[in-house]
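J.: Input: one structure, supplied below.
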Amino acid sequence: MLVAGALLVAILAGTAVRLRTGDRGMYDDTIIRRYAAVLYPVAQQEVAESTKAAVDGINEPAEILVPVLLKSKEQEGMLGVAIFDPEGSIIQHTDTLLLPELAPNDYALLLSGEQISRYTADFPLKSNFAGMTGTAPVLEVLLPLRGSDGTKPIGFITFYIDARKLSQELAAVDQRFQRETTTAVVIGTVLIAIVLGAGYWGLSRAEQIIAERNDRLMRANFELTLAAKASALGQITSHLIHGMQGSVASLRAVVSNRPLEGVESGDWKSAADYTGRLQDMIQETVAILGDTEAQFSYLLKGKDLADTIRRRNAPAATDKGVALDVTGDFENGLDSYRGSLVCLIAANLVQNAIAATPPGRRVAVELRDSGGSITLLVADEGSGISDDVKPHLFEPGHSSRAGGTGLGLAISQLLARQIGASLILVDTHSHGTTFRLTLPRRIDPQTKTVSQSEGPAPKDLTQSQDISPL
């Protein structure tokens, strides 16, 4: 762009200077020729008067032209006058001139009827005028003089005129052309800069849009690949859960009946608790899988969602020494499928919040019913997320936690999109981080999720078996 702009400005400046030089030359010639146009009719009038005054009708060139010389030399600014016969020989000249002569080229032009005006800015005075030295601006005007018949020239006359005023006039013309040329170049340069700047901005904007779209396309391809892997992993996990169900139930029965020798009762109780928690998680997962496959739906109210989130994450908060505060008490609920995925997303967010919060601090989870949507807020009191992690927060492999895989938020983002929700980072600073999940009540009918107003009549969990979403 810079090279193109410089080239265009150079072409503009060169063209403007060339046009200025040509126009100024034409204008100067017009001004200089003006003197010949003024002096010629005056000289012809004097020739006519001299012809009438000639004695006995004798029309010798000398008798006719000498009076013209005498009258012309009295004009203001006249430095000298010389008259020549039809053959170009000098007849007479003023005392101020030193042997003037008619150049052959000038003589040929005068014979053809041309009127010659010639301006010389540095005319050599010493070699042409008596008693003068140096140089000065001088205008030479050479005219053919015709007799009464108007056919052949009866002689020629040369005027040498002081051209100082003409020099000033030509300088003023030159300055005006210079100003106009400079103005034209400046305006042209500004217009070129504006056009090139607009073009550069347009190209930069187009390049930025292309880069953004390529980035979004790469992200979409990556997310499709991740979703495909997640789907395959889900099928494998489903088979694994069904296979583990009986084994874990048998293990729980064993550890619940009698302690092993050499094992402390506290350790035995912890093992029994972990085994029981594992069995509960398997049962909940099996229940969700069964509900999804059977397209069975029941209602999860705000209290149910809050209780499930609290129960699932309370042990981890207790082990870390972090207070877990979960609130959410509203009557309008969600279908079990979307509610279960909300609890899964909440589990990932809460586990990250607990890991980021120092002991003695608090993790707040709030469920809100905004009428048209359900909002989940998870806020911790950790040290915040670093600036280098934030641009890649929901991409796999980027974690702000030591030892983290960076998969939790990526999976949560995929789960949120599956149910038509949005998961964003609200705020992060040195005193904590807040995430928000927003789930509209009405979803796209083309999705496979079950809306609150579709499917069989929802069943209240408080009146059914204790089946909580994962």
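J.: Based on the mean of other Cβ atoms within 10 Å per residue, sort peptides 383-393, 357-367, 138-148 so the most packed one is first.
T.: Those peptides, ordered most packed to least, come out 138-148, 357-367, 383-393.
J.: What is the magnitude of the charge dipole of the stretch 114-158 about its Cα centre, with +1 placed on the Cβ of each Lys and Arg, -1 on the Cβ of each Asp and Glu, and no other charges, expressed in debye to the nearest 20?
T.: That gives a dipole near 80 debye.
J.: For a Förster distance of 56 Å, can you work out the FRET efficiency between the beta-carbons of A211 and V17, rounded to the nearest 0.05? If you can, show how the numbers build up before the last one.
T.: Numbers: r = 43 Å, r/R0 = 0.77.
FRET efficiency, A211 to V17: 0.80.
J.: Okay, next question. Can you list the HN-Hα couplings for the stretch 164-169, worked out from phi with the Karplus curve (6.51, -1.76, 1.60; θ = phi - 60°), rounded to whole Hz and with x for Gly and Pro?
T.: In residue order, the calculated couplings are 5, 5, 5, 4, 5, 5 Hz.
J.: Please list the non-local residues whose amide H lies under 5 Å from the amide H of D427, H modeled 1.01 Å from N, same-chain partners needing a gap of 5 or more.
T.: Distant-sequence amide H within range of D427: T434.
J.: Provide the per-residue ³J(HN,Hα) series for the stretch 38-51, in order, calculated from phi with Karplus coefficients 6.51, -1.76, 1.60 and θ = phi - 60°, each as a whole number of Hz, with x at glycine and proline positions.
T.: Calculated HN-Hα couplings, in order: 7, 6, 4, x, 5, 5, 5, 5, 5, 5, 5, 5, 5, 5 Hz.
J.: Pop a pseudo-label 7 angstrom from the Cα along the beta-carbon direction at both K165 and N221 and give the gap in nm to one decimal.
T.: Output for this residue pair reads 8.5 nm.
J.: Quick one: which residues, 5 or more positions from G155 or on another chain, have an amide H under 5 Å from its amide H? H modelled 1.01 Å from N in the peptide plane, none for Pro or chain starts.
T.: L145
J.: When you count, for each residue, the other Cβ atoms within 10 Å and take the mean per peptide, how do 185-196, 210-221 rank with the highest first? Before the final figure, lay out each step's value.
T.: On the way: 185-196: 13.6, 210-221: 10.2.
Final packing ranking: 185-196, 210-221.
J.: Let me ask something else. Mind listing the phi-derived Karplus ³J(HN,Hα) values for the stretch 347-355, rounded to whole Hz, using 6.51, -1.76 and 1.60 with θ = phi - 60°, and x for any glycine or proline?
T.: Residue by residue, the stretch 347-355 yields 4, 4, 5, 5, 4, 5, 5, 5, 5 Hz.
J.: For a Förster distance of 60 Å, can you work out the FRET efficiency between the beta-carbons of S386 and T182, rounded to the nearest 0.05?
T.: Values: r = 57 Å, r/R0 = 0.94.
After rounding to 0.05, the efficiency reads 0.60.
J.: Mean projection of the alpha-carbon convex hull of the stretch 2-162 over all orientations, in nm²?
T.: Computed as one quarter of the Cα hull surface, the answer is 12.4 nm².
J.: Rounded to the nearest 0.05, what FRET efficiency is calculated for I31 and L111 with R0 set to 30 Å and r the Cβ-Cβ distance?
T.: Numbers: r = 26 Å, r/R0 = 0.87.
Calculated transfer efficiency: 0.70.
J.: Describe numerically, in nm with one decimal, the distance between label points set 7 Å from Cα along Cα→Cβ at Q45 and at Q418.
T.: Label-label distance for Q45 and Q418, simple model: 11.1 nm.
J.: If you take the C-alpha gyration tensor of the stretch 148-191, multiply each eigenvalue by 5 and take the square root, what semi-axes do you get, largest first, in whole Å?
T.: After diagonalising the Cα gyration tensor, the semi-axes are 44, 16, 6 Å.
J.: Collect residues whose amide H, placed 1.01 Å from N in the peptide plane, falls under 5 Å from the amide H of T327; neighbours closer than 5 in sequence don't count.
T.: V365, E366, L367
Read-outs: derived from the displayed coordinates by stated rules, not from any lab. The model shown is predicted, which means the values in this text are computed figures rather than measured ones. Cβ: placed from backbone, ideal geometry, glycine included. Neighbour counts: every protein chain shown.
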